[in-house]
Amino acid sequence: MSRARTPLLVSLAGLLFLAPVAAGAQVKAPRDSVLRTGRSVVRDTSRSRMALRDSAAARDTSRADTAKSSSGIDSVVTYTASDTIVYDLGSRTMILYGKGDIKYRDMGLKAEVVDINWVTSLLHAEGVADTADTTGKKMKGLPEMIDGAETYRGRVVEYDFKSKKGRIDLGKTEQDKSYYYGDEIKKVSPEEMYVEDGKFTSCDLDHPHYYFGSPEMKIMLKDKIVARPVFFYISDVPVFALPFGIFPSERGRRSGIIGPAFGESSRGRYLTHLGYYWAMSDYTDVAFKADGYSKGSYTLYGDFRYALRYLFNGGIDASYGKVVSGEPSDPGRTVTSVFNVHLGHNEQFDPTSQLVVDFTFTSGSYYQNTSLNLNQLLMQNAVSNATFTKSWEGTPNSMTVNIHRDQYLQTGQTSTILPDISFNRSQTFPFRSSKKSDVGSALKWYELISYTYAGQFEDVQTNTPITTGADSGRLAFDERRGVQHSFTLNMAPKVGYVTLTPFFNYTEKWYDKHTSISVDPLTDSPIDHDVHSINAVRTYNMGLQASTKFFGIFQPNVFGIKGIRHQVTPSLSYTYAPDFAADRFGYYGKYYDTLGVAHRYGLYDREVFGGAPAGKQEAISFNVGNVFEMKTVSHDTSGQDNKFQLLNLNAGISYNFAADSLRFSELALDYRTSIGNYLSIGGSTTYNLYKFVRDTGSVPTGQRVNKFLINTDHRLADLTAFTVSIGTHLSGEKHSTTAGPIVSTADSLARAQKRGYVGLYDQEAPDFSIPWNLDLNWNYTMQRENPLYPSKSSGISASLGFNLTEYWKINATTSYDLINRVFTAPQITVYRDLHCWELNFNWVPTGPYRNFHVEIRLKAPQLQDVKITKQGGLRGIE
């Protein structure tokens, strides 16, 4: 049967219900129905049947006003029915038959039968027996009411428009992807409901996989659910019971208990990650957690976060614990204190200034004793930075203030830069008018002159543990500071097709100390000490560079290839610098050993910016860059040709006229290419043109001599270094899917900041939309600077992820050392979508950190502390 839509707009002036002439209300009816005043009119059609009964009230304006004032309905009501709409003007009632649909404010109701009394403002809706069901038990058109973000379903729905209260028999209510069932649901206010024999679940099936059941349940919408007692059912089987329960009824930041994991290890029975999360305000929250072991080990955690959108965010998290190894009676029993403090802050003051803080202070064995994350377990050093950047809009000036700390976890050494202040002025043309463009023909020669400037202050403090001697266990402190100024002056005029660039570089370094070396007459070993004095180190170089660019095109027009282009960028430069090791500069010192042999050393080599370079330089350098590209015919509807970069090859070598021997530098090559989007190849090689001669003696040594290999060995050069890497990334076509975990915004932010409680193992959410992906990389490095002591390394790394089925996701990563023939850091993760549950399995099969973790938990973010965990392998956990 087709549906006839009969909308009725009822406003404040017309809610006395259907006095179309006397009260001025408007009633819109289908074209095949008739409304008249003062008598009954009934008309049947194939689309709808409408009955209008005679009533004196239809002509009585005073009674209509009274009805309007007591109705409690203060907004437009729109309703439709597919079968019949019956209006009774005498009793001011209305009945909708057949797919009744009512909309009032943000409330909507659909049911097979809807009865509304406009005088009492009461609504009654129910379904009817399904005549197609021979058992007589099935119903159709059961009421479904949507009130804002909540959805209510049941056999019978009653609602009071005036008080906003309602009742549902055998009801089902949906709110924010959570479902509530009950024999009777009463809504006593817009924000409160009472449920008799209620069930609460996040499973959307009609017969849910799990639920929390309670004879008495109070639901505070967008807040919490309070029930007593509470029974937890899985597949209708009771699993455990509690005298009462409080559950969050809204996603997002909610205060509450952080559920623990428990088990047994070499440290005894344990309870980990038990804590409390407190959403202090819209801008701050804090979490407290604790790990406890029956043999005495414990760790306490605190995590405070704050954020003000578009302005700043950050936090402080700290932890402290004691790790007990062994029984109380064991002679080798140890008690180790561990701690970790992390500070994070990110603030954008304005478009030109920003502060970013990421600082970590930790004990050397903290991650080894507390973490389950493989990346943290393999970490060798903790790097911290606090950086403030500032630029001045409309100028080439910028400034950076940085505090840097590098802590070596294995040795305990720390290196701190406190602070590093730098000021930079980018390329500036002092003689050029701001109105002129950068076009060579339109500029005077002096307008091509430009300069750059960089100034830097740095204070480096180093603490190194002493491991030998009487001071063993103490820290050796060293501090170095200095100021560096760098100034570059150049210009770049064009002469025909060649660009000439004369340049002058000047560097000045200021130090408050330098190194002095003497010889211990007893041991004949050099002893160095610092001499405090204000000194400056000034160095410079100058030269001329000529560069150009040309290309050739080959057009085979075969196999869809329209053209191959070869672009060549050669450059030739000359650089001059004096020998700053000469005595007239005063940057180098000299000491004599007990045999009277003189040894030279740099007075400022140990300072923060280093000393002066030794050796005169009058060098010519030649570099050439090659880019090979190909264009092919397009096969799609866009008509645009396809362009590919076939090969990028660069080569360079230099010749120093001032050197007394070995004037040629090593020949350096680097290259990269790719085969479509499937394979990338890159590498570099260096070659030495001079012969290597082995020295005579018991210890094999040798050096390069001033003889060309082409003359002595009839070959051009020795290969001294070689690196190559080949990688590929392949993946299936992305598609839409509903499988996978529910990731909340708070979890995503916490992962991005690498902070906060985001789950027991802090795993990235698997992406089911990519059916499979494969990453393969191979690298090889060989060093032969000294052919007597060559070294090489080679390894393969692989990462594979695939959907075994629609709801299984498997990821595996590993690396294999081809030289030592060992696997490094293999890891396998398995995720199973169990509809409203999820399973996570993480396994490290080999190595010192081999372990496994298994966790089954509810997917709903507000219920993820309902879980079962098992772990083993790491730190003796079995």
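The values are calculated or read from the model by the stated rules, or taken from the named source; none is laboratory data. Predicted, not measured: the structure shown is a model, and the values here were computed from it. Heads up, the Cβs are rebuilt from the backbone with ideal geometry, glycines too, and the neighbour counts pull from every protein chain shown. We work out accessible area using only protein heavy atoms, side chains counted, and drop any ligands, DNA or RNA first. Shrake-Rupley method; radii C 1.70, N 1.55, O 1.52, S 1.80 Å.
For the range 472-596, the fraction of 1.4 Å probe accessible surface lying on carbon and sulfur atoms is 59 percent. Carbon and sulfur together cover what percent of the accessible area of the range 131-228 at a 1.4 Å probe radius? Reported share for carbon and sulfur atoms: 50 percent.
Each Lys and Arg Cβ is given +1 and each Asp and Glu Cβ -1; about its Cα centre, the range 95-155 then shows a dipole of about 120 debye. Phi-derived couplings, Karplus 6.51 cos²θ - 1.76 cosθ + 1.60 at θ = phi - 60°, listed residue by residue for the range 783-793: 10, 9, 4, 10, x, 6, 10, x, 9, 8, 8 Hz, with x used for Gly and Pro.
For the range 590-740, the per residue solvent-accessible surface stands at 61 Å², with DNA, RNA and ligands left out and a 1.4 Å probe. Take the range 236-341 with all the other protein chains still there, run a 1.4 Å probe, and you get 58 Å² of accessible area per residue.
Does the range 124-210 come out rounded, prolate or oblate, given a ≥ b ≥ c as the square roots of the eigenvalues of its C-alpha gyration tensor, rounded meaning a/c under 1.5 and, failing that, prolate meaning a/b above b/c?
Note, shape of the range 124-210 comes out oblate.
Toward the positive end of the charge dipole of the chain, with +1 on the Cβ of Lys and Arg and -1 on the Cβ of Asp and Glu, the farthest Cα among GLY268, CYS203, TYR655 is that of CYS203. Projecting the Cα atoms of GLY602, PRO741, VAL230 onto the charge dipole of the chain, computed from C-beta unit charges around the Cα centre, puts PRO741 farthest toward the positive end. Restricting the calculation to Cα atoms, the range 524-661 shows an Rg/Rh of 1.30 when the hydrodynamic-style radius is the Kirkwood one.
Summing -39500 (n - 2.57) over the DSSP H runs of n ≥ 4 in the chain and dividing by its residue number, what mean residue ellipticity at 222 nm do you reach, to the nearest 500 deg cm²/dmol?
-1000 deg cm²/dmol
Take 370-383, 329-342 and order them by the average number of nearby Cβ atoms within 10 Å per residue, most first; the result is 370-383, 329-342. Could you derive backbone 3J(HN,Hα) for the range 378-394 from the dihedral phi with the Karplus parameters 6.51, -1.76 and 1.60 (θ = phi - 60°), listing whole Hz in sequence and x where the residue is Gly or Pro? Couplings: 8, 5, 9, 8, 10, 9, 10, 8, 10, 10, 10, 10, 9, 10, 10, 4, x Hz.
The chymotrypsin sites (Phe, Trp or Tyr not before Pro) of the range 545-603 that meet both conditions, a loop assignment by DSSP and at most 13 other Cβ atoms within 10 Å of the site Cβ, are PHE559. Residue ranking by accessible heavy-atom surface, 1.4 Å probe, largest first, among ARG254, ARG405, ARG694 comes out as ARG694, ARG254, ARG405. Evaluated with a Cβ-only charge set (Lys, Arg +1; Asp, Glu -1), the range 472-631 carries a dipole of roughly 1040 debye about its Cα centre, given to the nearest 20.
The magnitude of the dipole of the chain, with charges of +1 and -1 set on the Cβ of Lys/Arg and Asp/Glu and taken from the Cα centre, is near 2060 debye. Computed over the range 234-388, the P(r) tail beyond 25 angstrom holds 48 percent of alpha carbon pairs. Entry comment: accessible area of the range 821-861 is 46 Å² per residue, from protein heavy atoms only and a probe of 1.4 Å.
Less than 13 Å Cβ to Cβ from GLY683, Lys/Arg counted +1 and Asp/Glu -1: what total charge do the surrounding residues give?
Local charge sum for GLY683: 0.
Using only Cα atoms, find the angle between the long axis of helix 61-71 and the longest principal axis of the chain, and express it within 0 to 90 degrees, rounded to the nearest 10. Rounded to the nearest ten degrees, it is 50. Protein heavy-atom surface of the range 340-386, 1.4 angstrom probe: 55% of the accessible area is carbon and sulfur, with nucleic acids and ligands not counted.
So I have (1) 1.10; (2) 0.95; (3) 1.00, and one of them is Rg/Rh (Cα atoms, Kirkwood Rh) calculated from this model. Which one is it? The listed entry that was calculated here is (1).
Taking the DSSP beta bridges with both ends in the chain, the antiparallel portion is around 100 percent.
By the rule of a C-alpha distance below 18 Å, with chain neighbours fewer than 8 residues away ignored, the aspartates and glutamates paired with LYS140 are ASP83, ASP101, GLU112, ASP115, GLU126, ASP130, GLU158, ASP169, ASP206. In the chain, a dipole from Cβ-located charges (positive for Lys and Arg, negative for Asp and Glu) runs towards its positive end, and of THR411, SER621, LEU788 it is SER621 whose Cα lies farthest in that direction.
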